[in-house]
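These notes concern the structure reproduced below.
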Amino acid sequence: MQRRRLGQSGITVSEICLGTMTFGAQADEAESFRIMDAAYERGVNFLDVAEIYPVPPDDETVGVTEEIVGRWLKTKPRDAVILATKVTGPGHGWFPPPVRNSLTALDGHQIRIAIEGSLRRLQTDYLDLYQTHWPDHGMRYEDTLAALTKLIDEGKVRVLGCSNETCWGVMKSLQAAEKHNLRRYDTVQNNFSLINRRCESELAQVCRREGLSLLPYSPLGGGVLTGKYCGEGDNPPGARFTDYLAIGGERQQRMARRFVNPRTLETASRLMSIAEEASLSVTTLCVAWSKQHDFVASTIIGVSSLDQLEDNLQAAEVVLDDETLTRIDQLDAEIPTPMTEDGLRRL
């Protein structure tokens, strides 16, 4: 497992990161431990959590993922694991989060409450990477960064990152950090996959020029690129977007339609053929493609059972050849931007 630097910080991480949003929901604690143990044994030293996990978040389960990861963390040397979590974004707007009566904000008061809760659940006295889960574009970036900088000064956090951020937001945050002598973000965690390649344009330029690292999440397009939604008839029972379409609220149904539509399904079907000709599973192909970008530090994978893990980890041993990359690019030219929008315009 190769390691890469987080931005311009001193921290290096495995090029595959284990996402945890299924822990406590699709995966119970015992299965979550098996998944983390297997990934750790294969060289994955980077875990990504959030205070509102598991997904979909609700009042009954919020925080459970951090508790599970915290109990597992006690079985390993603390300094052998690079641990990331997130403070919930603002509660007004697109999503009322089930924490702090949905009145969440990215100010010093809320950030302090959030990190104290995360450290307690994770049973650690510091975080390697602390990220804002989504931004507040109506708020002064210097106020958020001042609160986060204080956490670094106190030794509670080593490195800062943002998530679900726009190119404008990243640049605005860097400007505020420089102007007010505050710590800057070293990472940005955004949706990036072969059905959502938007990060290759403006955000890639920001990362390269400004010394940030992308931490792509959902490299399998929420599971769409595995082909499980490509069969005849109804969507597969128990799958996330099946549930979102059947019983989800308006926001979840809109998300499901973004991920599961005729263009994404056609892309998934054709990628399976490309993967087969390359003697790879489509999962391995997609994760390998993600980590092969120079502005990516670590690709975040997510599984709900141990048997899904191996194909993801196989990507660590794969470098896609020029012929395969050309075929992937030809597919993208024929079916550009299969996900009709990436959700950031609603922030």
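The values are calculated or read from the model by the stated rules, or taken from the named source; none is laboratory data. Given the structure is predicted, the values throughout are model-derived calculations rather than measurements. Backbone-built Cβ (ideal geometry, glycine too); neighbour counts: all protein chains shown.
Anything in segment 248-269 that is more than 17 Å from Phe95 (Cβ to Cβ) and aliphatic (A, V, I, L, M)? List them, or say none. Those that are more than 17 Å from Phe95 (Cβ to Cβ) and aliphatic (A, V, I, L, M): Val260, Leu265, Ala268. If you check Asp294, Asp322, Asp311 for being charged (D, E, K, R), over 24 Å from Val55 (Cα atoms) and under 19 Å from the mean Cα position of the chain (by Cα), only one passes: Asp294. Just so you know, in segment 259-291 the residues that are small (Gly, Ala, Ser) and over 22 Å from the mean Cα position of the chain (by Cα) include one that is farthest from Ala315 (Cα to Cα), and it is Ser269. The residues of segment 199-218 that are within 15 Å of the chain's Cα centre (by Cα) and at negative phi, listed by number, are Cys199, Ser213, Leu214, Leu215, Pro216, Tyr217. Quick check on my filter: what residues within segment 58-105 are outside any helix (DSSP H, G or I), touching a residue at least 12 places away in the same chain (Cβ under 8 Å) and charged (D, E, K, R)? The answer is Asp58, Asp59, Lys74, Lys76, Lys86. If the condition is being within 17 Å of Leu309 (Cα to Cα) and of a type in the set (A, V, I, L, M, F, W, C), then segment 207-222 contributes only Leu220. Residue under question is Pro236, and the condition is that it be part of a loop (DSSP other than H, G, I, E, B) and closer than 25 Å to Ile82 by Cβ; does it hold? In short, no. Among the numbered conditions (1) touching a strand residue (DSSP E or B) at 6+ places or on another chain (Cβ under 7 Å); (2) at pLDDT 95 or above; (3) farther than 23 Å from Glu210 by Cβ, the only one that Met1 does not meet is (2). Name the residues in segment 6-34 that are buried (at least 24 other Cβ atoms within 10 Å of the Cβ), more than 13 Å from the chain's Cα centre (by Cα) and among the aliphatic types (A, V, I, L, M), would you? Of everything in segment 6-34, those that are buried (at least 24 other Cβ atoms within 10 Å of the Cβ), more than 13 Å from the chain's Cα centre (by Cα) and among the aliphatic types (A, V, I, L, M) turn out to be Leu6, Val13, Ala27.
For the residues Thr124, Thr104, Thr85, Thr144, the requirement of being crowded, with 23+ Cβ neighbours inside 10 Å and farther than 17 Å from Thr187 by Cα singles out Thr104.
For segment 176-185, the criterion of being touching a Phe, Trp or Tyr at 6+ places or on another chain (Cβ under 6 Å), farther than 27 Å from Met339 by Cα and buried (at least 18 other Cβ atoms within 10 Å of the Cβ) is satisfied by at least one residue.
Considered as a group, the residues in segment 255-264 that are part of a helix (DSSP H, G or I) and touching a Gly at 6+ places or on another chain (Cβ under 9 Å) include one that is modelled with the highest pLDDT, and that residue is Thr264. For segment 239-251, enumerate the residues that are surrounded by fewer than 18 Cβ atoms within 10 Å (Cβ to Cβ) and either under 18 Å from Leu225 (Cα atoms) or not basic (Lys, Arg) (or both). Selection gives Asp243, Leu245, Ala246, Ile247, Gly248, Gly249, Glu250.
For (1) more than 19 Å from Gly7 (Cα to Cα); (2) basic (Lys, Arg); (3) within 17 Å of the chain's Cα centre (by Cα), each residue gets a yes or a no:
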| position | (1), (2), (3) |
| --- | --- |
| Ala80 | yes, no, no |
| Thr85 | no, no, yes |
| Phe95 | yes, no, no |
| Glu154 | yes, no, no |
| Lys179 | yes, yes, no |
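The residues listed here are Asp48, Asp58, Asp37; of these, the one that is more than 18 Å from the chain's Cα centre (by Cα) and within 20 Å of Gly222 (Cβ to Cβ) is Asp58. Of all the residues in segment 243-254, those that are without any contact (Cβ under 8 Å) to a residue 12 or more places away in the chain and either part of a helix (DSSP H, G or I) or in contact with an Asp or Glu (Cβ under 6 Å, 6 or more places away or on another chain) (or both) number 6.
Among the residues of segment 65-82, those that are surrounded by fewer than 22 Cβ atoms within 10 Å (Cβ to Cβ), under 24 Å from Gln26 (Cβ atoms) and of a type in the set (A, V, I, L, M) comprise Leu73, Val81.
Any residue at all in segment 198-218 that's β-branched (Val, Ile, Thr) and out of contact with any strand residue (DSSP E or B) (no Cβ under 7 Å at 6 or more places or on another chain)? Checked segment 198-218: at least one residue is β-branched (Val, Ile, Thr) and out of contact with any strand residue (DSSP E or B) (no Cβ under 7 Å at 6 or more places or on another chain).
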